[in-house]
């Protein structure tokens, strides 16, 4: 059998990168993840220590600062001098799995999307998008892309209905070789997010003709190999964002109209841009800020925008991990796959209600006095079960101190151990995901395990950690993390309310240095809602998770503008999505790396 494959290996370098340990004193051990990857050609400040995909970023200065050393309250000046705008470097970043599959679905249909098996995503600095920009594929992943393209092409050739909507000639009874050229021009433009030049079209047609001849004259064989070639090209696998020099500031490069259309579509819809958006880009209808806003507003009205936002927050809040979460079966027999799914759905349904149904203040995610439960979750929370087996909107029990995300089982169970809670993990989540602070790893040689427990002298988790915090080498970080978790100790490892720990009364009181005194999830939420760091962090999370880079000093002023926009528009996330798309952070890049 012949192999007709466009070479990927020329731009996908292979090497190794060191393991990154994260220690949790309530674990008693260190978790290590290893990836055979290396820094790639995409945007970002360069390679650095990553995450295990479990707890938090491990890089930075200390709790209370961002990864670039900026104050967590933001700022756009250094030494009293305003920093000039300097966008992140341009380059290439690999499509994430959901973007790859979503693009296949738009191009070739549901059956082809179901056959797609793209490589796994790797998180770096807490985000898959940064990993896709900075990490190269392993050799096995390159082979997997070939396997995936073959399976996709076979499925697409068998069911040509979606492909025929883009290229009608494939539906003819006996297409001639001219159809290969039409496929290269019309489908290639959609798959590669730009028109193919003559030489590229000729290469695709040559592959198709050679395969047809080898396949006994069957058009289907030629079409299959042409599709394989299109889908294995770096122009499909990678999002190219190199731009062109800005006439007013040659040091800055503006994304071309086609590049901007692609970035917009992947950001808001999770797939390659459709024919209409590409046509608008090619007609110079994405030039002004208002052009971009109009395009973004049209996109967020589509159902795909809801799904894309759910994927984003499933990653950010690590909800996707709930499906594989383990809990002690003897202690928590009610924790099942079905309950884990309900936990994830509850959080995503609350986000959907706040962002799409109400289009209201996104900080309600922290302070909401209601939630969505099915009978299993209602039982876990001690609430009356809703009618039927579906989900219903219900008020929360005031006496239990629940509020929003921090009172939900998805967060409480995900950031706990199989048999006991983890104030450290819960506090670390709040610091890193809601305040965008950085928590450094334990100093070398520090024993991160808790002191041994005497069976005759039981202790609550809070008592154990307070004792651990007395160690000067541990106190610096744990004083920032653990008090946040202490206020959540009334919620057990799967999120149920409790008043005892190891048979002893729970004391949820805590004083958080930069927030104040708290006793419950609601107390923490009330303080966070008024904290400007939360608003700033919402903006930063979208830059990191959607654009694939950590914010640099030269972008701080532009991020401040986005933060101000969010504040002045009642913290509505739909407005932020549109304004981010029109901002220079989104539309400009630096010189390619």
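In the stretch 257-285, which residues are surrounded by fewer than 19 Cβ atoms within 10 Å (Cβ to Cβ) and in a loop (DSSP other than H, G, I, E, B)?
Passing the criteria: 274, 283, 284, 285.
Would you point out which residue out of 390, 404 is under 25 Å from residue 311 (Cβ atoms) and modelled with pLDDT under 95?
From the options 390, 404, the qualifying one is 390.
Does the stretch 212-222 include one or more residues that are crowded, with 23+ Cβ neighbours inside 10 Å and under 27 Å from residue 276 (Cβ atoms)?
So far as the stretch 212-222 goes, no, none of its residues is crowded, with 23+ Cβ neighbours inside 10 Å and under 27 Å from residue 276 (Cβ atoms).
Is it the case that the stretch 516-523 has a residue that's within 23 Å of the chain's Cα centre (by Cα), at pLDDT 95 or above and either part of a helix (DSSP H, G or I) or under 30 Å from residue 487 (Cβ atoms) (or both)?
Looking for residues that are within 23 Å of the chain's Cα centre (by Cα), at pLDDT 95 or above and either part of a helix (DSSP H, G or I) or under 30 Å from residue 487 (Cβ atoms) (or both), one finds none in the stretch 516-523, hence no.
When you look at residue 467, is it touching a residue at least 40 places away in the same chain (Cβ under 8 Å) and either outside any loop (DSSP other than H, G, I, E, B) or surrounded by fewer than 19 Cβ atoms within 10 Å (Cβ to Cβ) (or both), yes or no?
no
Kindly list, by first and then second residue, each pair from a residue in the stretch 149-162 that is free of Cβ contacts under 8 Å to residues at least 12 places away in the same chain to a residue that is in a helix (DSSP H, G or I) and surrounded by fewer than 16 Cβ atoms within 10 Å (Cβ to Cβ), limited to pairs with Cβ atoms under 8 Å and residues at least 6 apart or on different chains.
So the pair list comes out as 160/171.
Confirm whether residue 534 is over 18 Å from residue 296 (Cα atoms) and either in contact with a strand residue (DSSP E or B) (Cβ under 6 Å, 6 or more places away or on another chain) or at pLDDT below 95 (or both).
No, not satisfied.
What tally of residues in the stretch 564-579 results from selecting those that are in contact (Cβ under 8 Å) with a residue 12 or more places away in the chain and within 24 Å of residue 307 (Cβ to Cβ)?
Final tally of qualifying residues: 9.
For residue 413, state whether it is part of a loop (DSSP other than H, G, I, E, B), in the same structural domain as residue 341 (by TED's automatic domain parsing) and at pLDDT 95 or above.
Against the criterion (part of a loop (DSSP other than H, G, I, E, B), in the same structural domain as residue 341 (by TED's automatic domain parsing) and at pLDDT 95 or above), residue 413 does not qualify.
To keep it simple, each residue is scored yes or no on (1) outside any helix (DSSP H, G or I); (2) at pLDDT below 95; (3) in contact with a strand residue (DSSP E or B) (Cβ under 6 Å, 6 or more places away or on another chain); (4) within 19 Å of residue 255 (Cβ to Cβ).
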{"site": "538", "(1), (2), (3), (4)": "no, no, no, no"}
{"site": "544", "(1), (2), (3), (4)": "no, no, yes, yes"}
{"site": "577", "(1), (2), (3), (4)": "no, no, no, yes"}
{"site": "581", "(1), (2), (3), (4)": "no, no, no, yes"}
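Taking the condition buried (at least 18 other Cβ atoms within 10 Å of the Cβ), part of a helix (DSSP H, G or I) and more than 20 Å from the chain's Cα centre (by Cα), does residue 194 pass?
The answer is no for residue 194.
Identify the residue in the stretch 174-183 that is in contact (Cβ under 8 Å) with a residue 24 or more places away in the chain and in a helix (DSSP H, G or I) and, among all such residues, is farthest from the chain's Cα centre (by Cα).
179
Of the residues 132, 111, only one is touching a helix residue (DSSP H, G or I) at 6+ places or on another chain (Cβ under 8 Å), at pLDDT 95 or above and outside the structural domain of residue 435 (by TED's automatic domain parsing); which?
After ruling out the rest, the residue left standing is 111.
Any residue at all in the stretch 551-563 that's under 24 Å from residue 244 (Cβ atoms), in contact (Cβ under 8 Å) with a residue 40 or more places away in the chain, in a loop (DSSP other than H, G, I, E, B) and out of contact with any strand residue (DSSP E or B) (no Cβ under 7 Å at 6 or more places or on another chain)?
Yes - at least one qualifying residue is present in the stretch 551-563.
Right, residue 213: touching a residue at least 12 places away in the same chain (Cβ under 8 Å), on the phi < 0 side of the Ramachandran plot and either out of contact with any helix residue (DSSP H, G or I) (no Cβ under 6 Å at 6 or more places or on another chain) or not in a loop (DSSP other than H, G, I, E, B) (or both) or not?
No: the conditions fail for residue 213.
What do you reckon, is residue 323 modelled with pLDDT under 95 and in contact with a helix residue (DSSP H, G or I) (Cβ under 9 Å, 6 or more places away or on another chain)?
Criteria met by residue 323.
Tell me, please, whether a residue that is outside the structural domain of residue 142 (by TED's automatic domain parsing) and under 19 Å from residue 91 (Cβ atoms) can be found in the stretch 267-283.
Checked against the condition, which is being outside the structural domain of residue 142 (by TED's automatic domain parsing) and under 19 Å from residue 91 (Cβ atoms), the stretch 267-283 yields at least one hit.
Is one or more of the residues making up the stretch 383-398 in a helix (DSSP H, G or I), surrounded by 15 or more Cβ atoms within 10 Å (Cβ to Cβ) and touching a residue at least 40 places away in the same chain (Cβ under 8 Å)?
The answer is no, given that none of the residues of the stretch 383-398 is in a helix (DSSP H, G or I), surrounded by 15 or more Cβ atoms within 10 Å (Cβ to Cβ) and touching a residue at least 40 places away in the same chain (Cβ under 8 Å).
Among the residues of the stretch 330-352, is there at least one that is outside any helix (DSSP H, G or I), crowded, with 18+ Cβ neighbours inside 10 Å and in contact with a helix residue (DSSP H, G or I) (Cβ under 8 Å, 6 or more places away or on another chain)?
Checked against the condition, which is being outside any helix (DSSP H, G or I), crowded, with 18+ Cβ neighbours inside 10 Å and in contact with a helix residue (DSSP H, G or I) (Cβ under 8 Å, 6 or more places away or on another chain), the stretch 330-352 yields at least one hit.
Kindly provide the set of residues from the stretch 353-374 that are assigned to a helix (DSSP H, G or I) and closer than 24 Å to residue 421 by Cα, ordered by number.
365, 366, 367
Out of all the residues in the stretch 516-543, which are farther than 21 Å from residue 559 by Cβ and free of Cβ contacts under 8 Å to residues at least 24 places away in the same chain?
Residues satisfying the conditions are 516, 517, 527.
The values are calculated or read from the model by the stated rules, or taken from the named source; none is laboratory data. Values in this document were obtained by computation on a predicted structure and should not be read as measured data. Reconstructed Cβ throughout: ideal geometry from the backbone, glycine too, with neighbour counts over all protein chains shown.
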